[in-house]
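Input: a single structure, listed below in structure tokens.
The values are calculated or read from the model by the stated rules, or taken from the named source; none is laboratory data. Predicted model, so just to flag it, every value in this text is computed and none were measured. Virtual Cβ from ideal backbone geometry, glycine too; neighbours counted across all protein chains shown.
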Amino acid sequence: MEIISVFDMLKIGIGPSSSHTLGPWKAANKFLTSLKIPLQSITCIRIELFGSLSLTGKGHATDVAIVMGLTGEMPEEIEPKKIPLSLAEIKTTGKLKLNFEKEIPFSFEENIIFHKHFLPFHPNGLRFTASTMGEEISETYYSIGGGFICTENENSVQKHLKTIPYPIQNGLELLSYCKSKKISDVVYENELVLNSSEYIDLQVEKIWKTMLECMYLGCTTKGILPGGLNVKRRANEFYTSLNGPENILNLDDWLYKLRNTDVKFRQILKWVSCFALSVNEVNASLGKVVTAPTNGSSGVIPAVLMYYLMIENHQAGFEEIKRFLFVAGEIGSIFKKGATISAAMGGCQAEIGVSSAMASAALCELQGGTPEQVLVAAEIAMEHHLGLTCDPIGGLVQIPCIERNSMGALKAITAAELALGTDPKETKVPLDKVIATMWETAQDMNHKYKETSQGGLAITVNSVDC
């Protein structure tokens, strides 16, 4: 059974896409570190992109991510403002320094090849070929959603040699461990086998700080998003119209002032939308975000968590944030095991749908829901995203992706409220059944609606007209 940590599901990385940007970046890192030959012997590197990675690669900055990975930069560590400077130097000099060590000739046009055909194993395939004076070494990776990568003979999740106390493959197994425990307690006990309590708290703090920084940056930044669609940033206008706090000392001060803001019902809707938009505008600008479970859906969970902190519970602190992320991460892992979190495999139901289910379940527990009600919340949220297609205009994670995060967040809040008023014994659709249905829907969905920009809005709305 796959052991998926919360920190496998919630990862810090660079936007705009976890499968098309973060995954290829990590694949480039891995290719260099797994080579059995000295980097000094390499004279050339060729990269081939297949299927969805090729069809929407330019819009998702796949080529940029791969090149940055080959330089040795790590997506969770690099400052986003460094990326354009590094790219400009490579394009100007025609040289790329592999892993900060070996300089080789490099051209975006000649060394990166976009193939429109799909490889059989997965829609997101990429192949690296390193040439030396006497041989060529190739490896093919697949970016399978949420920043996870694998080869055909390799699992996407880091191998954990330890045995966790509560192995979980589906919702029914999760509930079997919750006779006298909350879901977050079960998740925490599993995590303690994989990592120390100090490490867990540190990672939760880093994840939450990154989410908070995303929301703050998005709320306070004006302008046009990059990519050519001329999409205007809207989070700042929402923030301004809501009289968001000014003269901020730091992020903690910002959060404190937000939580002391008087908010009416209509403003609640606007604040949730504002937070979701803000994160995904940062994501669309090659900013640093948290995959939750993907980059394209990274605004849902922060928006719902901020809703809880700002509206539901002003006394909530680190422990509540940790519990929220634990539940969200576990629900996301169950979807990954039972279906997919890759839009190239399942459409947007696999991204916004899963993120909404994760957020709804987490909110439900913090609002006092039983473990059974928590799973009901996740089921309701996904049930009303079934069949959602992925049709980004111009291959950019902007239209309709950014707004879909707002819709996913609001649906998550509604689903949690519905679950809290539900007797789980009376529900007709268990979580595991909706996950199975999602996977069946994904398999039946036409490939045009799976992150190829060959159908839906991507075709009916011409990117030139935007």
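Things to note:
- Boolean, ILE207 is modelled with pLDDT of 95 or more and closer than 19 Å to LYS11 by Cβ: yes
- Test: residue in segment 88-99 that is surrounded by 14 or more Cβ atoms within 10 Å (Cβ to Cβ), more than 25 Å from the chain's Cα centre (by Cα) and at positive phi: yes
- Of the listed requirements (1) within 23 Å of GLY296 (Cα to Cα); (2) part of a loop (DSSP other than H, G, I, E, B), LYS428 misses just one: (1).
- Subset of segment 28-69 (residues that are among the β-branched types (Val, Ile, Thr) and either in the same structural domain as GLY346 (by TED's automatic domain parsing) or crowded, with 17+ Cβ neighbours inside 10 Å (or both)): ILE42, ILE45, ILE47, THR56, THR62, VAL64, ILE66, VAL67
- Looking at THR414, THR422, just one residue is assigned to a helix (DSSP H, G or I), of a type in the set (Ser, Thr, Tyr) and assigned by TED's automatic domain parsing to the domain that holds GLY346, and that residue is THR414.
- The set of residues from segment 186-195 being touching a helix residue (DSSP H, G or I) at 6+ places or on another chain (Cβ under 9 Å) and either assigned to a helix (DSSP H, G or I) or farther than 23 Å from ASN170 by Cα (or both) comprises VAL186, VAL187, TYR188, ASN190, GLU191, LEU192, LEU194.
- Entirely in segment 286-363, the helices (runs of 4 or more DSSP H) that have 3 or more residues that are β-branched (Val, Ile, Thr) and modelled with pLDDT of 95 or more: 300-307, 318-338
- VAL157 at pLDDT below 95, among the β-branched types (Val, Ile, Thr) and closer than 23 Å to LEU325 by Cβ: yes
- Residues being on the phi > 0 side of the Ramachandran plot and out of contact with any helix residue (DSSP H, G or I) (no Cβ under 7 Å at 6 or more places or on another chain) - total across segment 316-361: 0
- Verdict on LEU32 being more than 13 Å from VAL290 (Cα to Cα) and either assigned to a helix (DSSP H, G or I) or at pLDDT below 95 (or both): yes
- Taking the criterion of being without any contact (Cβ under 8 Å) to a residue 40 or more places away in the chain and under 16 Å from VAL67 (Cα atoms), no residue of segment 119-139 qualifies.
- Segment 381-439, residues that are over 23 Å from TYR307 (Cβ atoms), among the acidic types (Asp, Glu) and surrounded by 17 or more Cβ atoms within 10 Å (Cβ to Cβ): ASP391, ASP432
- When TYR166, TYR142, TYR188 are screened for being surrounded by 12 or more Cβ atoms within 10 Å (Cβ to Cβ), in contact with a Gly (Cβ under 9 Å, 6 or more places away or on another chain) and aromatic (Phe, Trp, Tyr), only TYR142 passes.
- Only one of the numbered conditions (1) crowded, with 17+ Cβ neighbours inside 10 Å; (2) among the basic types (Lys, Arg); (3) more than 27 Å from ALA361 (Cβ to Cβ) is not met by LYS182, and that is (3).
- Sole exception among (1) surrounded by fewer than 24 Cβ atoms within 10 Å (Cβ to Cβ); (2) in contact with a Ser or Thr (Cβ under 8 Å, 6 or more places away or on another chain) for GLU312, by number: (2)
- Yes/no for THR427 being over 14 Å from GLN349 (Cβ atoms) and either touching a residue at least 24 places away in the same chain (Cβ under 8 Å) or in contact with a Pro (Cβ under 8 Å, 6 or more places away or on another chain) (or both): yes
Conditions tested, residue by residue: (1) touching a Phe, Trp or Tyr at 6+ places or on another chain (Cβ under 6 Å); (2) under 19 Å from ALA328 (Cα atoms); (3) at pLDDT below 95; (4) surrounded by 15 or more Cβ atoms within 10 Å (Cβ to Cβ).
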{"residue": "SER196", "(1), (2), (3), (4)": "no, no, no, no"}
{"residue": "GLY218", "(1), (2), (3), (4)": "no, no, no, yes"}
{"residue": "THR221", "(1), (2), (3), (4)": "no, no, no, yes"}
{"residue": "ARG234", "(1), (2), (3), (4)": "no, no, no, yes"}
{"residue": "GLU246", "(1), (2), (3), (4)": "no, no, yes, no"}
